[in-house]
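Asks: Got a structure for you, written out below as structure tokens; questions coming shortly.
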Amino acid sequence: MTSENNSKEQNDDITTNDSSSLSNIFDANQSIELNNRIRNDFMSYCFSLLQENEEAHQCVQVVWSKYLQCVGDIAILSAFFDTLPFHIKTSVLPKYQIEIVEWCQKLFHINSKALLCSTYYSETFQRVIRYAFKTDRLKKGIIYVPMDFDTNLKIDLTSSLSNIKFEYISNDISSEDMIDCNQLEELFKRDANDTQSYPFMVIANAGSSLLGHSDHLTKIKKLCEQHNIWLHVIGDLLGSLALLPTIKDDVNISCDSLTIDIMKLFGIQNLPYLTFFLQSTTDVKQIDDNKSLVTSHPLYDFILHSPSISFLTVWSISQRCSNDNILSHMKISFDLTNLLLTSLQHIKRLRILNDDDNQEAYTYQRICSGDAPNDILPKPVVIFRYEPDDISEVSVRIIKIT
């Protein structure tokens, strides 16, 4: 009798488990169907508004297809990661953070100690400033910026960070948009004895938005090292090291940190900004919820308190796209710039404004430390002016390829 009862109970358990499994499968299928219907309805409505513009319709489809091919439906992974408990996130993050750093080092030839992905441009600067800020200083930190530094970005940063102030650096007399290193050194010496502030950071360009020029990073870096000042670099040429066929291991961008806009380089929409930290980082010791002493990376807190879709997007690209495909797109972008430049040079009434005579000043030795190659830096920008014979006023056109 007991044996029969046990057998019946086991059969009931099997039946219950089977029913539960079937129910779960049914629910999962329903969820998939619902998700597909919602996505298709939304996209169909958007495409319906483009019916009268076939060219725009095709363009959107191409961009969207490229995004799916290179990035994938990363939103699901991001939503899943964001539901995890915080202590699980801290255990998961290091593996994928290390993979992203190693992938970027192989691709860009930038030897970094850590990397941050930021959705917004101002967020990038805020994180660098907060990380580099000297907490033992009660005075305001002075950030030295070039004359073409974005005014709106400056306002945004000063409103978010009360312990900084900005100082513009005059342009070098030999170029319209490069930092005058002599004046920069004079400002360092002047501000070193200021009672209200101290020299804190320099933001320099490697491929400026105005003329595509690069500041003399190797000189600026030496000045910053002498005065214990952080050097952060931005610009459209920071990823161009990837285009060199060979590069020695000791070559690196001359700075403490740098930010690359990979959306421009890869030609894929909605990608985050990548910020590389070239200085060694010191682990942070803290007490966890179990009152145990643990060590963590000083930048992980920034990452874990930000939307996970930023770093997961970059990681997904590293898994989906070969370096050859990415480099091919980057090379085409710079080749198009050179093609446009060559074509415009044959038009008599056009004058190229950033066609530098002194090409030797614009090599990788200008922006890189170590045994850097003497290859000429590519041009990210072509600027030309139309100069007719019978009109006094002229117009300027700026074309950015990358």
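The values are calculated or read from the model by the stated rules, or taken from the named source; none is laboratory data. None of the values given here were measured: they were computed from a predicted structure. With ideal geometry, Cβ positions are generated from the backbone for all residues, glycine too; neighbour counts draw on all protein chains shown.
Asks: Select, from L243, L231, L274, the only residue that is among the aliphatic types (A, V, I, L, M), touching a residue at least 12 places away in the same chain (Cβ under 8 Å) and within 19 Å of I143 (Cβ to Cβ).
Replies: L231
Asks: For L50, only one of the following conditions fails: (1) outside the structural domain of S316 (by TED's automatic domain parsing); (2) assigned to a helix (DSSP H, G or I); (3) at pLDDT 85 or above. What is its number?
Replies: Every condition holds for L50 apart from (2).
Asks: While we're here: Within the range 195-220, can you find the residues that are touching a strand residue (DSSP E or B) at 6+ places or on another chain (Cβ under 8 Å) and more than 25 Å from L353 (Cα to Cα)?
Replies: Within the range 195-220, Q196, S197, Y198, P199, F200, M201, V202, T218, I220 qualify.
Asks: Can I ask one more? Out of D355, D371, D390, report the one residue that is modelled with pLDDT of 85 or more and either surrounded by fewer than 16 Cβ atoms within 10 Å (Cβ to Cβ) or farther than 30 Å from S280 by Cα (or both).
Replies: None of the other options fit; the residue is D371.
Asks: Also, I was wondering about something else. Which one of these does I203 not meet: (1) within 19 Å of K134 (Cα to Cα); (2) of a type in the set (A, V, I, L, M); (3) without any contact (Cβ under 8 Å) to a residue 40 or more places away in the chain?
Replies: (3)
Asks: Taking I38 as the residue in question, decide whether it is exposed (fewer than 12 other Cβ atoms within 10 Å of the Cβ) and modelled with pLDDT under 85.
Replies: So I38 fails the test.
Asks: Continuing with this model, one more query. Give just the number: which of (1) at pLDDT 85 or above; (2) of a type outside the set (G, A, S); (3) on the phi < 0 side of the Ramachandran plot does N270 not satisfy?
Replies: (3)
A quick yes/no check of all residues on (1) farther than 11 Å from D256 by Cα; (2) of a type in the set (A, V, I, L, M); (3) at pLDDT 95 or above; (4) assigned to a strand (DSSP E or B):
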{"position": "Y198", "(1), (2), (3), (4)": "yes, no, no, yes"}
{"position": "I203", "(1), (2), (3), (4)": "no, yes, yes, yes"}
{"position": "G212", "(1), (2), (3), (4)": "yes, no, no, no"}
{"position": "T218", "(1), (2), (3), (4)": "yes, no, no, no"}
{"position": "H232", "(1), (2), (3), (4)": "no, no, yes, yes"}
{"position": "D236", "(1), (2), (3), (4)": "yes, no, no, no"}
